[in-house]
Each structure stands twice: as C-alpha cells, then as structure tokens.
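Undergrad: Got a structure for you, questions after.
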Amino acid sequence: MEKLICVLCFIVIVSFTKDVKTNIGNNNVTIKSGLTEKEIIRLAANVAPSERQYQWQQLEFTAFFHFGMNTFTDREWGKGDEDPKLFNPTALDARQWVKVCKEAGVKQVIITAKHHDGFCLWPSKYTEHSVKNSLWKGGKGDVVRDVSDACREMEMGFGIYLSPWDRNSPFYGDSPKYNAYFMNQLTELLTEYGKVDEVWFDGACGEGPNGKKQVYDVDAFYSLIRKLQPGAVIAIAGPDVRWIGSESGYGRETEWSVLPVEAQNPDEIAAHSQKDVNKVPNLDWGKQLLGVRSVITAAKALVWFPAEADVSIRPGWFYHTNNDSLVKTPERLVDIYFSSVGKNSGLLLNIPPDKRGLIHENDVKSLSGMRSILEKTFATNYATGAKLSSDGIRVNSILDNDKLTFWTTAGDKETGYILISLPKAQRIDVLSLQENIHIGQRIEKFTFEYYDGNQWKTVIQGTTIGYKRLLRFAPVTSREFRLKIEASRLNPTLSELGLYKLPLDSLRINMEH
Ligand code: FUL
C-alpha cells in the first residue's frame, strides 16, 4: 500500500513539474455563434502556432537578399523591359552572403528569386527573362542554386521571394494563364533546390486603376506549396506569417499573435501594401491595435498569425552605390532588434549584395558591430542563481533555458507574481520575458518592480509578451525584483526570464522618431 502511494505521489509530482500540455496545431478556431465574451477569450487563450509556425518563431532573426536586375540598373522597381545582358556580377559569392549573415546571428535567409520586373535569378524553363540570357557565367549561372547550396553547407534556413506582380510576363493580367505560369515557376523553385523553409509573397502591385488586373489563384498556390514543401511557412500574402504593416523594423507595443481570420485575406493585405515605388506603406495601418479583446470578440474565427517586421539595412531594398555611406549603424540595428524581436515579432533584415555580387564592406561592418553589442548584452543573465518564489507553480522553470517548461498559476487564476532575489545587488537595464506559446499567448498586462530597501517601485510596465518581449529602461540597482502579471486571458505562463545590462548607456534610446 505504502509503495502504491509513493508511486502515485511520484506520478503527480512529475506531471506537475513537466507539464506536457500543448496546443500546437490549434491555429485556426471557429467561433460558434452565441458564445459569451468570456468564452471567446478562453478560446483565444488556447490558439497556438502550427508546427511550422513554431519552428519559424524560434528563428527570431532572418535576412533578405534583394538582388537582381535592379542592382545593375540602380532602380528599386524595374519595368520588366530591361536587357538580361545588364545582369553581370563580377565576383558573385553567395557563400560570402550566407557567412556574413551567419556571423551576424541570422538563422534563415530569403533570396528575391524574382522581383516585380520578372527577371529570374534561376534559369527558369518558362521565360527568357532570366540569368540564362545574361553574360554572367556565360548564361550558365544560377543564383538560387548558389544561395541554397551555401545555406545547406552552413546549416542556415533557406527561403524564396517570388513576386506575384510581374511586369515582364506577357501573361500577367490574363489570370488563368499567369496563374499557370506562376505555379510552374513555384514548382521549379520548390522541387529543384532542396528544402525550402519560407515562401514570401509580396502584396505590392503598382498597376494603378487602369493597369492590368490579375486574379491570383491563391488557394492553388498554397496547396502547391503545402504539397511540395510541407515545412515551409508562407509569409505576407500567405496564412503563416503576417507583415507587421510598415517597412521600418519597428513593431507595436501591444502585439498579439492571435487575430481574426480576416487578417489573412490576401486582397486586404494587397490593399494595404505598396502601390508606388516612392510611397512607403501606410504607417497608420501598421500602428493599428490588432488582436485586442474588442477586436477578437467580434471575429468569426481566430488564427495564430505572428508578425514579421521587415526593414532594409540601407535606405533602399536594392544596392545603390550612393547609399554606401547610409548603411544603418550597429546602434540603430540593435535598436531595431529590440523593437522587433523584442516586441513579439520576427526581424527580417534586408542586406542587398552589390554589383560585384558581394555584401559590401560597410554592411559587413555594421552587422558585426550589431552582433558584438547583442552578444555582450545577453552574455550574463543576472537572474541566474536567484532564489525564486511565487504564488503560482513551477517557478524555477523560468531559469532553466527550456522553453517548454513554464511557470503558471493554479486553478483558474489569471494574475500572479514572481519574486526574484539575487545573490547580490545588480545594476540592470534590460528585462527579457517569454510566454510558452505551445500553450498560446495570454498575458495582457504586467509590471516589473524593484525593492529599494523600503518599498517596491515600478521599473517598467507592459501589455503583451508573446514569444519574446525585451524591455529597456533606466538602470536600477537592487537585489530584489518582482514581476506582477496583472491581466491575462487565462492562466498566464512564463517560460523564461532574463535580467541583463546593456554595454553602453546610449543603447537605451529608442531611435524610431
Ligand atoms: C515591397 C516591394 O515593393 C519592395 O520592392 C520590397 O521587395 C519589399 C520587401 O516589399 O512591397
């Protein structure tokens, strides 16, 4: 009998310390009519990523290579009538591109296989407007192959950008014909280059009111991708990864990954995207509050649709010699990192190779400066070794570097606190928090405090956390800190917590404005 009790106790303790509950795959939930607001909020609290979205979320930092005909014509949007012979890099080395990214901490790269000018960086069978008719390598080169090979060699994720808008194809505007053409190109890219991890569909189209109107067969595009590359996420004009709404790299203070299903409508996405090469996307749209209670309680269905913040290291997306002195500084890139990765969003940083076919020295320098600052910042988590206590359960999991184990509250408590007692007083100015998105995104409001010897004082407050939240603040020195979760959609979860110190005081400044 005693033995049996021991075994039962052991089972209870084990299942309490490592909660295996997961909502992965529950990424599209219909809201039945008649549900109360509370019931809808509970549903939302259990929406979680699909397996492919979960893999994508963990990348945090990815890169774009905008390279193509525009690199040689000094344009941002080519017209589609450029002579393929103009494309002629003198020293193209895709291994250098991928190596530079890897050394900067990037986990996945995306190559513009075809931009709006329709020029293909691979020798597509379906058009003459490609590298096969260029002077580069006597028409025998394939940039997509070079990049995908380098990614495989350096264990880097590989993605493709294929512009739906095509100013060269004679089929564009003749919907069925162009859809077939586009799917043929997709098939080439998804079958001949090994594993593809991301397919990026741009919503931009500058045809104007009297231009060609192409009706995309998006369902057919998506099924083809799912069939040929089931692990690939489909981004922007796609259902897996959402465009944050601006091209600045700066995310929202409140960023939900659970949104009404309408957010995935490709026509809506296109409507908000760029219509003119000189006009930046509508920033107001990017600033809108998405996924807050009033929005989701009016929805018909809810989806997991996490944000991606895209931005270029230079003023343009393509390389221009006269931008060589305008490469963003390491400090600016770090600011962008804190304002994207640190605000529950992926960072997609564009690094455009130059006319030689190399990443320019100035860009390399900025990237390595950025990497060095981030490495110094996150080298020591001052919370390590702290004594933790809380009114919830499994508090020690927030320091175990395992995103699957997590602190939460008992019963159906939607608030809670965690006390952090450091072995000795520390000066800190960064707080890092992560929810367990295997369960979902729940936290709506939190306050971080320190004890000054007499009383608790507020360091900083926030709303959403999600996959990751990084907060910078004026330095505080203390041994005792407290995190209070003040509102959550259901039992809050916290999988990791970190306390850090920036290597330079100037890095605390938000440079967005
Ligand atoms: C925009 C495009 O028009 C730009 O040229 C660039 O490719 C950017 C990432 O997306 O919508």
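The values are calculated or read from the model by the stated rules, or taken from the named source; none is laboratory data. Treat the numbers as computed from the prediction; the structure is a model and nothing was measured. Heads up, the Cβs are rebuilt from the backbone with ideal geometry, glycines too, and the neighbour counts pull from every protein chain shown. Accessible surface is based on the protein model in full, side chains and every heavy atom, while ligands, DNA and RNA are left aside. Shrake-Rupley method; radii C 1.70, N 1.55, O 1.52, S 1.80 Å.
Undergrad: Within the range 194-205, count every residue that is more than 8 Å from the ligand (Cβ to nearest atom) and in a loop (DSSP other than H, G, I, E, B).
TA: The qualifying residues number 5.
Undergrad: Just checking, does the range 220-227 include any residue being farther than 30 Å from G194 by Cβ, away from the ligand (no atom under 16 Å from the Cβ) and not aliphatic (A, V, I, L, M)?
TA: Among the residues of the range 220-227, not one is farther than 30 Å from G194 by Cβ, away from the ligand (no atom under 16 Å from the Cβ) and not aliphatic (A, V, I, L, M), which makes the answer no.
Undergrad: Pull up the range 464-480, narrow it to residues that are in contact with a Gly (Cβ under 8 Å, 6 or more places away or on another chain) and among the aliphatic types (A, V, I, L, M), then point me to the one that is farthest from N401 (Cα to Cα).
TA: L471
Undergrad: I've got another one for you. Taking R252 as meeting all but one of (1) away from the ligand (no atom under 16 Å from the Cβ); (2) at pLDDT 95 or above, write down the number of the exception.
TA: Only one criterion in (1) away from the ligand (no atom under 16 Å from the Cβ); (2) at pLDDT 95 or above is unmet by R252, namely (2).
Undergrad: Of all the residues that make up the range 158-180, how many are among the aromatic types (F, W, Y) and within 16 Å of the ligand (Cβ to nearest atom)?
TA: 3
Undergrad: List the helices (runs of 4 or more DSSP H) that sit entirely inside the range 290-395 and contain at least 1 residues that are within 16 Å of the ligand (Cβ to nearest atom).
TA: Qualifying helices (runs of 4 or more DSSP H): 330-340.
Undergrad: If you don't mind, another one. Among the residues of the range 411-431, what is the count of those that are under 23 Å from A474 (Cβ atoms) and either among the small types (G, A, S) or open to solvent by 60 Å² or more (accessible area, probe 1.4 Å) (or both)?
TA: Of the residues in the range 411-431, 5 are under 23 Å from A474 (Cβ atoms) and either among the small types (G, A, S) or open to solvent by 60 Å² or more (accessible area, probe 1.4 Å) (or both).
Undergrad: Within the range 471-480, can you find the residues that are farther than 25 Å from Y337 by Cα and in contact with a Ser or Thr (Cβ under 9 Å, 6 or more places away or on another chain)?
TA: R479, E480
Undergrad: If you scan the range 372-397, which residues turn out to be open to solvent by less than 50 Å² (accessible area, probe 1.4 Å) and closer than 28 Å to L333 by Cα?
TA: S372, I373, L374, T377, N381, A383
Undergrad: Still on this structure, I have one more. If I go through the range 57-97 residue by residue, how many of them are closer than 21 Å to K140 by Cβ, open to solvent by less than 40 Å² (accessible area, probe 1.4 Å), more than 16 Å from the ligand (Cβ to nearest atom) and of a type in the set (A, V, I, L, M, F, W, C)?
TA: Of the residues in that region, 4 qualify.
Undergrad: Residues that are more than 16 Å from the chain's Cα centre (by Cα), open to solvent by 30 Å² or more (accessible area, probe 1.4 Å) and among the charged types (D, E, K, R): does the range 329-337 have at least one?
TA: yes
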